[in-house]
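Scroll down for the structure; my scribbles are underneath it.
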Amino acid sequence: MGGKPWFAHYDAGVPRTLAPYPHKTLLDYVAETALQWPDQPALLFKGRCVTYAELTQLSDAFAAALLEQGIKPGDRVALLLPNCPQFVIAELGAWKTGAIVVPLNPLYSSDELQGLLANCGAETVVVLAPFSTRVRAIQPRTAVKRMIATRIQDYLPPLLRVAYTLTHAWQAGQHHLPVPDGLWFGELLKAYRHAPRPKVPIDPDDPAVILMSGGTTGTPKGAVGRHAGLVAAGLQIHAWLGPVWEDWHYIVLLPLPLFHAYGHIAGQSVAFVGHNPLALIPDPRNLRDLLRTIQRVRPAFVAGVPALFTALLRHPDVEAGKVDVQSIKSCFSGAAPLAAATKQRFEALTGGRIVEGYSLTEAMLACICQPVRGQQKVGSVGLPLGSGHH
C-alpha cells in the first residue's frame, strides 16, 4: 500500500491511480464526442438542446471571430455570464484560439469587477447585455478593448423566447441596449458559421482558465488552471463516480455557477470526459425552474451545495410528492457542511447517494471525497482521490 491506508476503503473498481493521464484537452474530448455521436446532446437549457456537433461548429465560429478581432494565444478573454449555452460556446471558442478564459461572477460590484479585469489584463469581455453598462462604466480603468454582448433569450426555445422578451427584456430595457463596438455574440456566430477551426496548436500544459478563489479573505484572487489540470480533475471525479456512472447516458445537472471551480470542474469537466449531456441552471434560487428542469431532463448526477438540497426538500411540490426525483443516482455536496438529516432525507427521497467532498480552487477541485458506495463516516469529508502517480 505504500503507506496509503485509505486505498483499502476505495469502492470496488475505482483505480488507485489514473497515471499516465492522456495528453489531451477538454477540446479533444468534445471533438471526439462530436465525431462519434454528433447528435449527442451537449447542453440542455430550458427545453433547448445544443448537440455536440452544434457546440463544435458554434465554438469554431466564435474562435474564427476572435481570431479576426486579433486574439492571440495567451490573451485573456473574460466571461460575465450566468450558466447558459453562450458560456460554454465562448469558452471553447476562446480556447481554440489559445486564449485563457477568465470567468467572473456577473454580480460582482463595479469595484471588484474593475480590479479583477485590470489584474488579469483581459482585452475582451463576453457579457450578458444587462451587465454591459457596468462594464462600460469601468472600461477606461481596465485593458478592455471590446465587449461582445449576448442575450439570455438567444438560446431559449422559440415560444419561451417570445414570452421572455415580452416580460423580462422590455422591463430591463434590453431591447435597445447599445453595445459600443456593435459586437453581438449571435451575429458573430452567424457571420463566421462556415469558418473552420483556427489552426492554433493547444498544448495540455498551456494555461486554460483563471478561476477566482475568494478564500476566507473575501477579496477574489485568480488561480490559474492548465488544460491538463481540467482534464485530470474531470477524470479523477469521473473515476470516483464510476460505480454509479454511465458514460454518454447520464445527464449532469448543474445548478452551480460555471464561473466557480466547483461547477466548472464537477459539472463541465466531468460531463465532457464522460461524453455526457450537461443541463445548465442559470438561477438555482428559482426553485420552480430547477424542479421543472429535473422533471424534464431526468438528471442522474447533481453537484450542489447543502442549502440547495435543503431548499429542494422543503419545496411544497417535493413535499407533496408532485416531483419525481428518482432519476438522481448520485450528488456531490460541497462548499459547506451537510447536515446529517438533510443527507438522510434527500437519499430516502431520490434513492441516490449524496457524497461530501473538500477541495480548493487552487487545486482545481479533485481532492478529497467520500466513497459513492462504501462507508461514509458522519463528520468526515472522505478519502484522497486517486492520484496522478503511484
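Taken together, the values in this text are just the output of simple stated rules run on the coordinates, not laboratory data. Worth saying up front: this structure is predicted, and the values here are computed from it rather than measured. Heads up, the Cβs are rebuilt from the backbone with ideal geometry, glycines too, and the neighbour counts pull from every protein chain shown.
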Open item on the list: Between 0 and 90 degrees, rounded to the nearest ten: what's the tilt of helix 110-120 against the longest Cα principal axis of the chain?
Closed with: 90 degrees
- [ ] Give the cross-link partners of Lys322 among the lysines, using a straight C-alpha distance below 20 Å as the criterion and excluding same-chain residues fewer than 8 apart.
- [x] Lys46
Open item on the list: Roughly how far apart, in whole Å, are the Cα centres of the stretch 254-283 and the stretch 55-91?
Closed with: 17 Å
TODO: May I have the extent of the alpha carbons of the stretch 27-132 along their three principal axes, as whole Å values ordered from largest to smallest?
DONE: 45, 32, 20
- [ ] With everything on Cα atoms, drop me the angle between helix 287-297 and the longest principal axis of the chain, reported from 0 to 90° to the nearest 10.
- [x] 80 degrees
Open item on the list: Between Ser132, Ser380, Ser359, where does the largest GNM mean-square fluctuation fall for the chain, given springs only between Cα atoms within less than 10 Å?
Closed with: Ser380
- [ ] Out of all DSSP beta bridges with both ends in the chain, state the antiparallel percent to the nearest 5.
- [x] 30 percent
TODO: Project the alpha carbons of the chain onto their principal axes and report the range along each, largest first, in whole Å.
DONE: 58, 50, 45
- [ ] Output the pairs from Lys24/Lys72; Lys24/Lys96; Lys72/Lys96; Lys329/Lys377; Lys72/Lys221; Lys145/Lys190 with a Cα-Cα distance over 18 Å in this structure; if there are none, say none.
- [x] Lys24/Lys72; Lys329/Lys377; Lys72/Lys221; Lys145/Lys190
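Run lengths n ≥ 4 of DSSP H only: what is the helix-derived mean residue ellipticity at 222 nm for the chain, with -39500 (n - 2.57) per run over all residues, to the nearest 500? Could the numbers behind the result be given before it?
Numbers: 13 runs with 125 residues, N = 390.
Counting only the DSSP helices, I get -9500 deg cm²/dmol.
Could you give the alpha-carbon Rg of the stretch 202-293 over 2.2 N^0.38 Å, rounded to two decimals?
Numbers: Rg = 14.5 Å, N = 92, 2.2 N^0.38 = 12.3 Å.
Relative to the 2.2 N^0.38 Å estimate, the stretch 202-293 comes out at 1.18.
Over the stretch 222-349, what portion of Cα pair distances is larger than 21 Å, expressed as a whole percent? Present the calculation step by step, with values, prior to reporting the outcome.
On the way: 3075 of 8128 pairs.
Everything past 21 Å amounts to 38 percent.
Around Thr310, what is the net charge, scoring Lys/Arg as +1 and Asp/Glu as -1 over all other residues with Cβ under 11 Å from its Cβ?
Values: positive: Arg314, Lys343, Arg345; negative: none.
Net of charged neighbours comes to +3.
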